1. Among F94, F67, which comes first, second and so on when ranked by fewest other beta-carbon atoms within 10 Å?
2. For the residues I58, I92, what sequence is obtained by ranking on other C-beta atoms within 10 Å, fewest first?
3. In nm², what is the average projected area of the convex hull enclosing the Cα atoms of the range 32-147?
Amino acid sequence: MIRPRAFMVIFAFVLLAALLAACGGDDGGSGSSANPADLEGKAWVLTEMLGADGNTQIVDIGVNANFDGSTVSGVSGCNSYHADYTATGNEISFGPVAGTQKVCPPDEQDVEDRYLQLLAGVATYETSGRSMSMSDADGTPVLQFSQG
């Protein structure tokens with residue numbers, strides 16, 4: 001039979017171990033990061049963007065971004081696009097965007113126009129797990145992505 005004092009010592013160690021495990025270290029999927037390599041090799045799908053009215057807009061049209069180290073490319077609504085980018089730490093900037101110029105349905109064209117407008121004004125980004133947020137120079141989150 002365990003004596004009460006020994007039980008308390010064992011209980012304290014088990015509790016301490018559980019608390020330390022809960023605090024945890026870096027499991028590779030949690031926490032926030034601003035490492036440019038975290039952008040590459042993943043299909044980023046736009047899920048939300050800041051609407052022209054200042055409210056968050058859910059995006060359900062297939063807008064995406066693929067980063068390869070110096071170029072971002074993807075679909076901006078109904079057209080394909082690409083642009084050069086530079087990223088250092090959490091700062092990111094995009095060069096002029098080039099893309100196809102198909103005639104789009106009005107709702108897709110509105111999303112595309114707004115996305116490209118916001119992308120041009122992005123100043124910082126942050127990844128966390130399977131999500132990425134891009135913010136403007138004022139620190140306002142304007143584009144939210146998840147890995148596709």
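1. If I rank by nearby Cβ atoms, fewest first, I get F94, F67.
2. I58, I92
3. So the mean shadow area of the Cα hull is 6.4 nm².
Only the coordinates and a few stated rules stand behind these numbers; no lab work does. Model, not experiment: these values are computed from the prediction. Methodologically, a virtual Cβ is constructed for each residue, glycine included, from the backbone with ideal geometry; neighbour enumeration extends over all protein chains shown.
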